[in-house]
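Read the structure below first, then the notes.
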Amino acid sequence: MASVVSSRLAQFHLPRLFALLSISVLTACGGGGANSTAETNGTSGNSSTYQFNADFINLIPSTQAATKVDLFYEHIGIDEVEIASNIDYLERQRTASFGWTGLPQANLSFTVKDAFNNQSLLSTKTMSYSNTQQALFLLATGEKPTTQAVSLIRINKLEGEQTSYRLFHANALDPRSIDIYNADAQTAIALNLAFNQVSAPIKYDQNLAEINVFAIPSGTSPDYSNTSNYLLQTVITQESSDTLSVLVAKPGALTRWQINHYSE
């Protein structure tokens, strides 16, 4: 009789013992519903890893820096890493991946350096990032000629827009505010656009393949027949995607303006 009771007790306790052992193993390995770590781009141990890229554009006039620049970033616990190199004036380059591991938010420091002059420092800026950061431009711009400084600006790319363009004033050699007009429709496109400022999105006219535009100093009246006070007169061609249109000093003739278009 004793052997029969022992056998029945063993049958009763063994399944409970196996269940307890299974729970212990799952907990130790970090598995199981509520114990799972949220993941965005990847995981490192029990922490999430967040990685991004940006389109870096060098808008620093050659009078204020070397022709080419390098871009670096760093974060607490991460040594300075070069993510773009040898970018010429008006050139655009996709950066290498940058980011961090840990909480969903972090402060990242970006540094622009002279590509030739022993990588001398031109500008450093710390920016707050979150795991929901959308696609972006990083723009290195000059400053007013008296300061010889450099700025690094973040502009998020458009989301949900279709065939629009934005105007960005990046002419450090003529940093006064400007007004931009559609010469065909004789209407304003952007008013009081300040240096290092981006306009609201402007929809392309689907009925026109291109429009004639001009820029004048803010506060002056547009004259559609006399171009003597125009800072810039150019054509904007309709693109199939959103575009960042940057107003800058013209290479080789830095007292003149030009417009460069970068698809978003």
When averaged across all projection directions, what area in nm² does the alpha-carbon convex hull of the range 189-230 cover? 3.9
Lysines near residue 113 by alpha-carbon distance under 26 Å, same-chain residues fewer than 8 away left out - which ones? 68, 125, 144, 157, 250
Rg ratio (alpha-carbon, reference 2.2 N^0.38 Å) - the range 214-255: 1.41
About the Cα centre, charge dipole magnitude for the range 137-199 (Lys/Arg +1, Asp/Glu -1 at Cβ), debye: 200
Karplus ³J(HN,Hα) for the range 83-88 (6.51 cos²θ - 1.76 cosθ + 1.60, θ = phi - 60°; Hz, whole; x = Gly/Pro) runs 10, 7, 9, 6, 8, 7
In the range 148-193, taking the dipole from +1 charges on Lys and Arg beta carbons and -1 charges on Asp and Glu beta carbons about the Cα centre, the listed residue (170, 191, 160) farthest towards the positive end is 170
In whole percent, the fraction of accessible protein surface over the range 66-221 that belongs to carbon or sulfur atoms, probe radius 1.4 Å, stands at 45
Dipole of the range 176-242, Cα-centred, from +1 at each Lys and Arg C-beta and -1 at each Asp and Glu C-beta, to the nearest 20 debye? 220
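The values are calculated or read from the model by the stated rules, or taken from the named source; none is laboratory data. Quick caveat, the model's predicted, so the values are computed rather than measured. Here the Cβ is made from the backbone with ideal geometry for all residues, glycine too, and neighbour counts use every protein chain on show. The protein model used for the area step is the full one, side chains on, heavy atoms only, and it has no ligands, DNA or RNA in it. Shrake-Rupley method; radii C 1.70, N 1.55, O 1.52, S 1.80 Å.
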